[in-house]
Amino acid sequence: MKLQVLLFTVFFIPFIMSAQDKTLKVWPNGAPNDNGMKEPEEKYDGVRVRNVSEAEMYVYLPEKDKNTGAAVVICPGGGYWIEAMDHEGFDMAKWLQSKGIAGIVLKYRLPYGHHEIPSGDARQTMRIVRANANEWGIDPNKIGIAGSSAGGHLASTAGTVFDLGNKQSADPIEKMSCRPDFMLLLYPVISFNEAIGHMGSRKNLIGEGNDWKLARQYSNELNVTKDTPPTFLILADDDKTVLPQNSVDFYLALKKFDIPAEMHIFQEGGHGFGMTKKNLPVDQWPDLFYNWLKAQKIIK
């Protein structure tokens, strides 16, 4: 166990010293499960990836004089078959970094018939960030999760089904809570109900067929509890890919438990806008989110 902790510490020293973008393995000692992907990772458009078999995280720390102590783990979208690492990942992390918020982009393993793998990666990433909060200048009570489209489904899964850590574990990472302190969801897939859900994401995560017990497990509007964190939702009314009802139903579920929530539905914007500028009112969403963080007293 001492060796494991030592290896973990040494692994992170270069990052802490340089405080620049670094790629870190989510499972440096090997993941506890396997998604069965044997082909090498494939990239196209320079930043979109598929055939992901190893989870990695890209950490962007703000300058010390700008640091708010907040952090966001970012889950890019892509229907659980690719990951749009640019406008739904790196660009968001850089914007957060410029605002004094640590941005951590998660390249999660894609499921390939193993539905538990993406959310397992997200929870482990939350634990790693919390375990390293002191060294990275992060407040362990101000670590949120963000996601776009299917990444929004992943983020909302991590935000509704979580644990507070295993305090009896000898592993310092496993002791950490994986509960996000807040959520940012952009045009998210929420439900796996056939009437409104995005069937491509559902098929890629849980397979074909009509196993409602499994689909129910990942219909996150049904997983909201009093412990679900405050949530900020952004979407466009003209989104034809993921129906706005996904976000509306999630918002209403949050309000049943009086959970602080804010939702903005812009008239235009379509699906997948992320950090891309469209010269439309939807471009305002980052500033709206920043102001919401202030209103929630997550940042000053």
>> Could you list, ordered by first residue, the pairs with Cβ atoms under 6 Å in which the first is in the stretch 22-33 and in a loop (DSSP other than H, G, I, E, B) and the second is hydrophobic (A, V, I, L, M, F, W, C), at least 6 apart or interchain?
In response: V26/A55; V26/M57; P28/F11
>> What's the total number of residues in the stretch 71-91 that are surrounded by 24 or more Cβ atoms within 10 Å (Cβ to Cβ) and more than 14 Å from G152 (Cα to Cα)?
In response: 1
>> Restricting to the stretch 277-293, name every residue that is surrounded by 12 or more Cβ atoms within 10 Å (Cβ to Cβ), charged (D, E, K, R) and in a helix (DSSP H, G or I).
In response: D283
>> Restricting to the stretch 228-261, name every residue that is of a type in the set (D, E, K, R), assigned to a loop (DSSP other than H, G, I, E, B) and farther than 22 Å from D283 by Cβ.
In response: D258
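Filter the stretch 174-219 down to residues that are assigned to a loop (DSSP other than H, G, I, E, B) and among the aliphatic types (A, V, I, L, M) and give me whichever is farthest from Q296 (Cα to Cα). Step through it out loud before you land on a result.
Start the filter on the stretch 174-219 by keeping residues that are assigned to a loop (DSSP other than H, G, I, E, B), which leaves 174-182, 187-198, 207-211, 218-219.
If we keep only those that are among the aliphatic types (A, V, I, L, M) too, we end up with 176, 189-190, 195-196.
On the way: M176: 23, V189: 24, I190: 23, A195: 34, I196: 30 Å.
If we take residues in the stretch 174-219 being assigned to a loop (DSSP other than H, G, I, E, B) and among the aliphatic types (A, V, I, L, M), then A195 is farthest from Q296 (Cα to Cα).
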>> Condition first: farther than 15 Å from L24 by Cβ, of a type outside the set (D, E) and either part of a helix (DSSP H, G or I) or out of contact with any helix residue (DSSP H, G or I) (no Cβ under 9 Å at 6 or more places or on another chain) (or both). Now tell me which residues in the stretch 91-112 satisfy that.
In response: M92, K94, W95, L96, Q97, S98, G100
> Which one of these does L235 not meet: (1) surrounded by fewer than 18 Cβ atoms within 10 Å (Cβ to Cβ); (2) in contact with a Phe, Trp or Tyr (Cβ under 9 Å, 6 or more places away or on another chain); (3) closer than 29 Å to R50 by Cα; (4) not aromatic (F, W, Y)?
Replying inline: (1)
> Residues of the stretch 129-173 being of a type in the set (S, T, Y) and either crowded, with 19+ Cβ neighbours inside 10 Å or in a helix (DSSP H, G or I) (or both), which ones?
Replying inline: S148, S149, S156, T157, T160
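Rule-based calculations on the coordinates, nothing more; no lab input. Since the model is a prediction, treat every value here as computed from it, not as a measurement. Every residue, glycine as well, gets a Cβ built from its backbone with ideal geometry; the counts of neighbours run over all protein chains shown.
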